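The values are calculated or read from the model by the stated rules, or taken from the named source; none is laboratory data. What you see is a predicted model, and the numbers here were worked out from it, not measured in a lab. We place every Cβ from the backbone using ideal geometry, glycine too, and count neighbours over all the protein chains shown.
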């Protein structure tokens, strides 16, 4: 796909995402929306799309985005195949051996460059316990397909398509999938180059490199 066309699709995706955030009136959604509004028109990077092992679940996840999230359902199907998918490791295999993949749309290795925000796609395999962890960045998830258990500190709840989940800086959180994968958009703002750690080993910094 030509770079100009990919850029147009990304802009349509961001506009649809902003519309979803506009429908939520909590403070962090407003903050993330403000951050997205600050993005200046930019040139787009030419990258060679690739997939990782977890992407064996990608087609299923994309095909199960409900129509009431349109046009994100159609746009996600297109853009998810134009990015580089990275398999999770975090450099701590004894704590977490993987089970999810992520792709960056905006950030240092995304389709659009930014030093103030990271935004991308997230895919977690079925039957995966992504244990309690935290990071300096503020984080938002918009769930596009699948259902999962979620934990923020001591609070546990369920999420599904259309759910928005916020993680403030340094707040521990975890995700638990059942027999189906979960697919989401994620946004990082604030200290996006700060620390990332697992709660059980909070003294150990995990890598944020790809």
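Out of 102, 13, 96, report the one residue that is buried (at least 18 other Cβ atoms within 10 Å of the Cβ), at pLDDT below 90 and within 28 Å of residue 130 (Cα to Cα).
96
Surrounded by fewer than 18 Cβ atoms within 10 Å (Cβ to Cβ), in a strand (DSSP E or B) and under 16 Å from the mean Cα position of the chain (by Cα) - does that describe any residue in the stretch 180-202?
Yes, the stretch 180-202 contains at least one residue that is surrounded by fewer than 18 Cβ atoms within 10 Å (Cβ to Cβ), in a strand (DSSP E or B) and under 16 Å from the mean Cα position of the chain (by Cα).
Which members of the stretch 37-58 meet the condition of being at pLDDT 90 or above, touching a strand residue (DSSP E or B) at 6+ places or on another chain (Cβ under 8 Å) and farther than 13 Å from residue 83 by Cβ?
Those that are at pLDDT 90 or above, touching a strand residue (DSSP E or B) at 6+ places or on another chain (Cβ under 8 Å) and farther than 13 Å from residue 83 by Cβ: 53, 54, 57.
Can you confirm whether the stretch 50-69 contains a residue that is closer than 19 Å to residue 172 by Cα and either surrounded by fewer than 20 Cβ atoms within 10 Å (Cβ to Cβ) or within 13 Å of the chain's Cα centre (by Cα) (or both)?
Filtering the stretch 50-69 down to residues closer than 19 Å to residue 172 by Cα leaves none.
No: the stretch 50-69 contains no residue that is closer than 19 Å to residue 172 by Cα and either surrounded by fewer than 20 Cβ atoms within 10 Å (Cβ to Cβ) or within 13 Å of the chain's Cα centre (by Cα) (or both).
Is it true that some residue in the stretch 143-159 is free of Cβ contacts under 8 Å to residues at least 60 places away in the same chain, under 23 Å from residue 17 (Cα atoms) and either in contact with a helix residue (DSSP H, G or I) (Cβ under 9 Å, 6 or more places away or on another chain) or surrounded by 22 or more Cβ atoms within 10 Å (Cβ to Cβ) (or both)?
Taking every residue of the stretch 143-159 in turn, at least one turns out to be free of Cβ contacts under 8 Å to residues at least 60 places away in the same chain, under 23 Å from residue 17 (Cα atoms) and either in contact with a helix residue (DSSP H, G or I) (Cβ under 9 Å, 6 or more places away or on another chain) or surrounded by 22 or more Cβ atoms within 10 Å (Cβ to Cβ) (or both).
For the stretch 129-138, give me each residue that is surrounded by 20 or more Cβ atoms within 10 Å (Cβ to Cβ) and in contact with a helix residue (DSSP H, G or I) (Cβ under 9 Å, 6 or more places away or on another chain).
Correct list: 133, 134, 138.
Select from the stretch 16-36 the residues that are modelled with pLDDT under 85 and either assigned to a helix (DSSP H, G or I) or in contact with a helix residue (DSSP H, G or I) (Cβ under 7 Å, 6 or more places away or on another chain) (or both) and list them in ascending order. Working first, answer last.
As a first pass, look at the stretch 16-36 and keep what is modelled with pLDDT under 85: 23-28.
If the condition is that a residue be modelled with pLDDT under 85 and either assigned to a helix (DSSP H, G or I) or in contact with a helix residue (DSSP H, G or I) (Cβ under 7 Å, 6 or more places away or on another chain) (or both), then 27, 28 are the ones that fit.
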